[in-house]
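Visitor: Quick one: the structure is below, questions incoming.
Any read-out appearing in this document is the output of simple, stated calculations on the displayed coordinates, not a laboratory observation. All figures in this text were calculated on a predicted structure; none of them were measured in a lab. Note that we place each Cβ from the backbone using ideal geometry, even for glycine, and neighbour counts take in every protein chain shown.
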Amino acid sequence: MLSVMADIDPSKQLLELGERVRSARRAAQMTQVDLCGRAGIVRDTLSRLERGQTVDTSTLVRVLSAMGMRIHLEKTQLRAADMRRKYAHVHDDTE
């Protein structure tokens with residue numbers, strides 16, 4: 001399973017996700033070329049994912065599936081009021 005902490009900056013989450021994907025690939029003793037072949041993606045896409053850049057969600061799912069992994073979501077410890085305050089710049093829910 002792969003989980004990423006939800007209470008950190010989104011760009012940091014992407015970096016952590018990329019590092020975890022790379023670490024899992026290496027632990028499975030797979031090269032990028034090996035994993036790309038299994039996932040049906042090009043190497044540039046996997047490289048972007050491992051560097052913490054954005055990729056399609058379906059690509060992430062295919063990469064994880066090719067390594068026998070799946071996405072695992074964790075609930076944060078932030079309260080709803082804290083979440084609204086933290087992400088107020090993203091969406092104004094006062095309407």
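Visitor: Tell me, D9, D56 in order of fewest to most beta-carbon neighbours within 10 Å?
Guide: Listing D9, D56 from fewest to most nearby Cβ atoms yields D9, D56.
Visitor: A further question on this structure: Would you mind estimating how fast the stretch 10-86 diffuses translationally, via Stokes-Einstein at 4 °C and 1.567 mPa s with the Kirkwood radius over Cα pairs, in µm²/s?
Guide: 97
Visitor: By the scheme Lys and Arg +1, Asp and Glu -1, what is the net charge of all other residues having a beta-carbon under 11 Å from that of L15?
Guide: In short, 0.
Visitor: Assuming a viscosity of 0.890 mPa s and a temperature of 25 °C, what translational diffusion coefficient in µm² per second does Stokes-Einstein assign to the stretch 5-53, Rh being the Kirkwood radius over Cα pairs?
Guide: Result for D is 221 µm²/s.
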